[in-house]
Amino acid sequence: MIRVVVQSAAIDLAAELEALERHGVGGIATFSGLVRADDGVDLLELEHYPGATERALEAVAATAVERWSLAAAVIIHRVGPMRPGERIVFTAAAAAHRAAALEACAYLIDRLKTDAPFWKREHRGGEARWVEARRGDDLAAARWQT
Amino acid sequence: MIRVVVQSAAIDLAAELEALERHGVGGIATFSGLVRADDGVDLLELEHYPGATERALEAVAATAVERWSLAAAVIIHRVGPMRPGERIVFTAAAAAHRAAALEACAYLIDRLKTDAPFWKREHRGGEARWVEARRGDDLAAARWQT
Amino acid sequence: MRMLYFAWVREAVGTGEEQVTPPAEVSTMADLIDWLSKDEPHATAFADRDRLRTAVDGVFAALDAPIAGASEIAIFPPVTGG
Amino acid sequence: MRMLYFAWVREAVGTGEEQVTPPAEVSTMADLIDWLSKDEPHATAFADRDRLRTAVDGVFAALDAPIAGASEIAIFPPVTGG
């Protein structure tokens, strides 16, 4: 199963996890990214490239399913305005064994950071600023090149 | 925050995740281990060494918190009888950045497999068999030695 | 040809979408950016090529990628999702 | 001294817990297993030392670990949790 969703609604973790567990596998690894509250940001906006985003995320998920023989790969990404503490992104991988699930989950989040057309704008007390790309994200994505 | 629980009740994922998210961090990685349904097992029993188990799990969690500067580490392990598809174990790590959360979560599950006194007994159609230790678990735990 | 702009590129150009009809000699993404930069606000928006990324029909493409036959070209900053 | 047994070791010994009073010359875990193995069902339960793991007062311990002063000794198979 591949499930890729770009949505403005909040991410319902419990519902996503229950859907994953219905696949009857041995292990499920997940990653949730939250809007950080500790650097003065009071609102975060996510812009994306509709259509291209979904295709990019589906390609990332499909590669993970193939590479780690996953039973399921899930990527849910929020767009639009969100507050500190809210979930921006959720990735999950389900596999018969834990190493495959854990590695694939790390792959999903590392690759989507560089492969999917999303842009963040941070608001701090009325001032808005586009977030600059992090070199660390390129390095994290590059470590999966074989 | 370190949260270690050995319980016979089902693991409430949504409640555990909400507690973690209240710590206001950037990323949360989780692993859920499920009783596998695909090899004829109709009941799994988990026995443990009360007291020693909790101390071993707390030591694993404390090491992870120190090594990856975690905001939170959680290990929930079920004991007693359970059915295929039910959660045996849940580990989670919360940190400011994703790499720390993902690595620490893998550490928690790898180490508890070798460091905590749990024993599995599988039932198949009335026949019960103690599960043998897997060499792969020792190797997975050993990769964290520095 | 439909142009799409995102994030601060969208703000600098002043629109998220426009139709353009480049001449035949505009054959690569770099050519297209040069051609669009003949006027403001595009010249300012596209001044620093190192800060631009592009896609042809929804697929990431390098600056030397050919654009012949493309129906949708997007120009945007490096991505910052997740 | 309180002995604890778990999993198939518990089943082979026939109890999960018993009190024992080894003589003074029993100073290591290996000595204790030898001393307990003088009778059945312990002799059979402990026959294959490679399949046994042990703990002294709740902490994993090797077969050559000293047991002087210990109040609780556990003998069990390699762990299989998670």
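All of the numbers you see were taken from the coordinates with simple rules; none came from a lab. Computed from a prediction, not measured in an experiment: that's the story for all the values here. Note: ideal-geometry Cβ built from the backbone for every residue, glycine included; neighbour counts use all protein chains shown.
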For C:59-72, mean number of other protein chain Cβ atoms within 10 Å: 1
Along Cα→Cβ at 7 Å, what distances in nm separate the residue C:30 label point from those on the other copies, shortest first? 7.3
Could you quickly flag the chain D residue whose beta carbon comes closest to the rotation axis taking D to C, and that distance in whole angstrom? D:82, 14
Would you mind giving the mean number of other chain beta-carbons within 10 Å of the Cβ of each residue in A:44-56, as a whole number? 4
Please average, across the residues of A:123-135, the number of beta carbons from any other chain that are within 10 Å of each residue's own beta carbon, and give a whole number. 2
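Sort D:8, B:68 by Cβ crowding within 10 Å, fewest neighbours at the top.
In order of increasing Cβ crowding within 10 Å: D:8, B:68.
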Fewest to most neighbouring Cβ within 10 Å: what's the order for A:60, C:20, B:35? C:20, B:35, A:60
Teacher prompt: residue B:8 distances to equivalent labels in other copies, 7 Å Cα→Cβ, nm: 5.0
Nm distances between copies for residue C:2, ranked from closest, using label points 7 Å along Cα→Cβ: 7.4
Residue by residue through segment B:4-15, which ³J(HN,Hα) values in whole Hz follow from phi under the Karplus form 6.51 cos²θ - 1.76 cosθ + 1.60 (θ = phi - 60°), with glycine and proline marked x? 10, 9, 10, 9, 8, 6, 4, 8, 8, 4, 4, 5
How large is the dipole of segment A:35-146 about the Cα centre if only Lys and Arg carry +1 and Asp and Glu carry -1, each at its Cβ, rounded to the nearest 20 debye? 180 debye
Under a straight-distance cross-link criterion of Cα-Cα below 12 Å, which aspartates and glutamates are reachable from residue C:38, leaving out those fewer than 8 residues away in the same chain? none
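Would you mind ranking B:110, A:39 by Cβ crowding within 10 Å, fewest neighbours first?
Working: B:110 25, A:39 10.
The most exposed by this proxy come first: A:39, B:110.
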Which whole-angstrom value gives the distance between the alpha carbon centres of segment B:41-73 and segment D:22-51? 30 Å
